[in-house]
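Taking it in order: structure first as structure tokens, then the write-up.
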Amino acid sequence: LAPSPGGMCSSRVSRGAGSASRHGRRRPAAALAALGLLPYGEGAAARAALGTWGRCVFVANDHGQVLQEWLAGAAERNFTGPLTVLHIDAHGDLNVPEAIGPEALAAPWHRDPTHRHAVADAADLANFQQIAAWAGLVDRVVWIRQGWGEAEERRMNLCHDAASGKYAESLDEESCGPTLGGRAATLSVMEVPEAALEEGGFDGVHVLRRGGGRRAPYILDIDLDFFVSGNAPGRPPWLESGLSCPAACRRWAEPNCSLWHHLEDALAGGSLFSPRACAARALAAWQGLAEETKAPLENLHVSERLLVAQELSQRGSRSRIDASHLLAQVRRLARFLAPLRDDPPALVTIARSVDAFASILDAPHLEENVLELLHKTYGGDRSVQPHCMRYAPGTSPLEDLRHAAVAEWVA
């Protein structure tokens, strides 16, 4: 893929994606036409940066990896905050930090790459937004979640207990009490159930407005698990109980940890596995795939190959996605984002969350829908090519992942 003004697109070699799709996985053409969505240029080179910071759409298997992109984009612009995150996700991802002290989070990360990497390396898929708040980059999260209920906004006081060395949070009027060196932070969270998007007054402009009508730059952050209405995959094969596995990385998708080296060797070995061996069932399932099925998947990272094998062995080629529910969700988001057409985000990040919360076999279909939605909202003239893409370590490009979406299980 061609480089963009703000960063390089993925340089991973691709086998080239076909346009085939598993039975029942095609989007209804009439329904997409009604939304004004375009087929997302299968095999087309993506060239245009999307965000106002001139960077490509960033895609990660593990949601915690997006913080590195947020910090890098801000540092490139010498922007220290605050930002709003428009967070479209089945989960809030608002856990307290671990593995880093508040003094490290207060360091000048925007000027020092060492500090920046230390902050990013402390993040995981559940706490990256609170870490961003402690670092001063984010002071407000607008969380579009699944389900029904009333929209509400609350202020979270983020605290660090000097005695225990642990982080905590309190709501609204509750104060933090004693903190280490006076270190504390605040984070405003507006929680909007997706059903509330049907009501008047809830559009992108409305929810991003701050007191006095002010608007801060925003990050658009989308997790594909938002579109999974039920029946999520559950534990990944390397976390099944009773197995003996090397330690995984803090962000599971990152490739340079002993777990993946161990499993790569096991995949290459092709021998029989003990029932208690790490990821034994997924390894056996991989062996059970026909060679013509495995060959196009060899470009995937070892974690992705094992997830494909596990999903195919558990459910074959059946999708976990309800097509009509997905279409309704896309329609709601299209209406919600439409007023922001001329006010694009600073950055766009997408998490696949295919370890446990979304199926890796459904991820290409969901990701294509999200990219179509982005192109519809921010793409301008329909002749403009799709936006450029960048991928986190351990995350395969969409064109490679499409091969998983057409794979079939052969027992």
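Points to keep in mind about this one:
- Residue 153 paired with residue 106, simple spin-label distance in nm, labels 7 Å along Cα-to-beta-carbon: 2.8
- Length-normalised contact order of region 67-124 in % [C-alpha pairs under 8 Å, at least 6 apart]: 48
- Antiparallel bridge percentage (DSSP; both residues within region 87-195; nearest 5): 60
- A Förster distance of 45 Å, applied to the separation of the beta-carbon atoms of residue 171 and residue 341, puts the FRET efficiency at 0.85.
- Accessible surface, region 108-153, averaged per residue in Å² (probe 1.4 Å): 40
- Ranked packing of 191-198, 105-112, most packed first, by mean Cβ within 10 Å: 191-198, 105-112
- For the pair residue 247 and residue 295, a Förster radius of 41 Å applied to the C-beta separation gives a FRET efficiency near 0.85, rounded to the nearest 0.05.
- Carbon/sulfur fraction of accessible area - region 57-207, other protein chains in place, 1.4 Å, %: 50
- In the context of the full set of protein chains, region 300-342 has a per residue accessible area of 37 Å² (1.4 Å probe).
- Carbon plus sulfur fraction of accessible area for region 311-405, probe 1.4 Å, in percent: 47
- Contour minus Cα-Cα distance for residue 186 and residue 161 (0.36 nm per residue): 7.5 nm
The values are calculated or read from the model by the stated rules, or taken from the named source; none is laboratory data. Everything numeric here is computed off the predicted structure, so don't read it as measured data. Note: ideal-geometry Cβ built from the backbone for every residue, glycine included; neighbour counts use all protein chains shown. These accessible areas exclude ligands, DNA and RNA; they are computed on the full protein's heavy atoms, side chains included. Shrake-Rupley method; radii C 1.70, N 1.55, O 1.52, S 1.80 Å.
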